[in-house]
Every structure is written in C-alpha cells, then in structure tokens.
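Working notes, structure below.
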Amino acid sequence: MNYHGTLSKMQTEFGNPIQYYLVFENSFLNLNQLLGKPMEIEFQGYQCLNCGKAKKIFRQGFCYDCFMSSPAVGDWIMKPELSTAHLDIEDRDLAYEKRVQLQPHIVYLALSSEVKVGVTRKTQVPTRWIDQGAVQAIPIVEVPNRYLAGITEVALKNHFADKTNWQKMLKNEYLDMDLITERNKVFDWLPTEVKDYFPKEEKVIQLDFPVLQYPKKVTSLNLDKTPNFSGTLTGIKGQYLLFEDGTVFNVRTYEGYVVKMSL
C-alpha cells in the first residue's frame, strides 16, 4: 500500500502507549500499527507548508521567503523572552502575536536525557512533552503570557539544561532523577513577577512510547542525501521513527518534503 503527501510533524494522541499518526492531504496513517513491519520512504520534492509552492524548504517546513516573513516563525518562537505582544509591540504581525503570546503558558521540567526546562502553551500539554521524547514531565508554573514564561525559562537555564540530547533520548538513556524534588528547588530562582504563579504541588506525568527495541547506536536518515530508504520500523519516540538497523528519521526536520511511503 502506498501513501503520498507532504510531511508535517506527526500528530499524537496521549495513551498507553502514545498513538502516532502521519496526516497527509487525503489520508492518514496510524504508525503504531506498522511496528515490526517494513516500510519504504521515497523523497519526491518540496511543498512549503506556508505558501504551498514547490520551493526548496529552508527551515521548519517553510521556504526561505516565508521563513523570513511569516509571524509563525518569528524569533520569539524559539526565544519566548523576546515576546512583546503584551506591550502592544509588533514583531511581524501584532494580531497573530497577540493570539499566540497572550494565552496561558506552562514552564516545565522534562526528563528525556537529563532534566531540562522548557516552555509551551497550555493547549500544547502534553503534546510538547511527547514531541521531545520525555519519559516524565512536571509543570513548574502557569503564567498568562509567553513573555513571563520566557523570562522564567531564562532564569532556570542557569540550573537546568534547555536542550535534549537527542541521541541519548532515542537510546532511552536518561538520568534517574526525581522531578518533584527538582521542582521543589526552583522557587527562589524564579523571577519576582512569577513567584505568585507557583503552586505548591504538581503531579509528574508519565509518558509511554511505542518502541519494540531501542537502538544501541543511531544514524540519522538524510532525505537529501538518501532519497530512498527501506527498513523495518521498531519504534516511535519524540518526532522520530526508529528502524531495526539503527537508522532514525526525524519527521519534523523534513516537514515540507513530499514523500511516498510504501508499506
């Protein structure tokens, strides 16, 4: 059976284990059902997720022109502390930025390789943790806008990592840490304007990924260099497909790539 379409990040459904879906223009695929089975991925071209044109993808599924102009990929996306919508200051499109920035955000600790601090919109819980391949996560504070979340993250970066070691995450190698204990340390480190949002207790969220076997070594599939790949799917974690030979495919990296998947 063949599926054809433009890659976008896998859609997920929280469960035990997490369910993963590849959604194309006219079809979708539940990837959990393919564990232990062979699949072929063939790169066929590009389609910008923003303008829809067949232009080479620059970053995050966008062609160069869209990446440089779209409000959906402004600097404040990766650096929430740069958010300015709460001040009525526009970056690229104030209406869009208000819609995204002026809503509840969660600052959290997640355990994927080591304990890391991160920020997500409340509506993206637990999706954000799934996408990072975290095995556990716990909220620290819920604040009313992205800026407050951003300055909180900056303050806590002095004490926790802010990036995941993706190779360790995919090999399921992580430190044995108690997230409740780690969270209990942070109050004194929070910015003054955020301390009132700190609840005394939060629960740890456990995440269970559909993986038959974790790789011992990992090799990233690069569709530009290897436009045709075949392998047996042995797991899904974060936004990665894991194959029996140790090849891993980061679906999110190849958003905007047009592929044919043969099963």
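Among the candidates Glu244, Glu201, the residue that is in the same structural domain as Phe58 (by TED's automatic domain parsing), surrounded by fewer than 17 Cβ atoms within 10 Å (Cβ to Cβ) and either within 24 Å of Ile130 (Cα to Cα) or not hydroxyl-bearing (Ser, Thr, Tyr) (or both) is uniquely Glu244. Among the residues making up the stretch 202-222, a single one is of a type in the set (Asp, Glu) and over 15 Å from Ile106 (Cβ atoms): Asp208. Would you check which residues across the stretch 11-41 are assigned to a loop (DSSP other than H, G, I, E, B) and out of contact with any Gly (no Cβ under 9 Å at 6 or more places or on another chain) and list them? Phe14, Gly15, Asn16, Pro17, Ile18, Gly36, Lys37, listed by residue number. Taking the criterion of being closer than 22 Å to Ser220 by Cα, under 12 Å from the mean Cα position of the chain (by Cα) and modelled with pLDDT of 95 or more, the residues of the stretch 115-169 that qualify are Arg128, Trp129, Ile130, Asp131, Gln132, Gly133, Ala134, Trp166.
The values are calculated or read from the model by the stated rules, or taken from the named source; none is laboratory data. Just so it is clear, the model here is predicted, and its values are computed rather than measured. Note: ideal-geometry Cβ built from the backbone for every residue, glycine included; neighbour counts use all protein chains shown.
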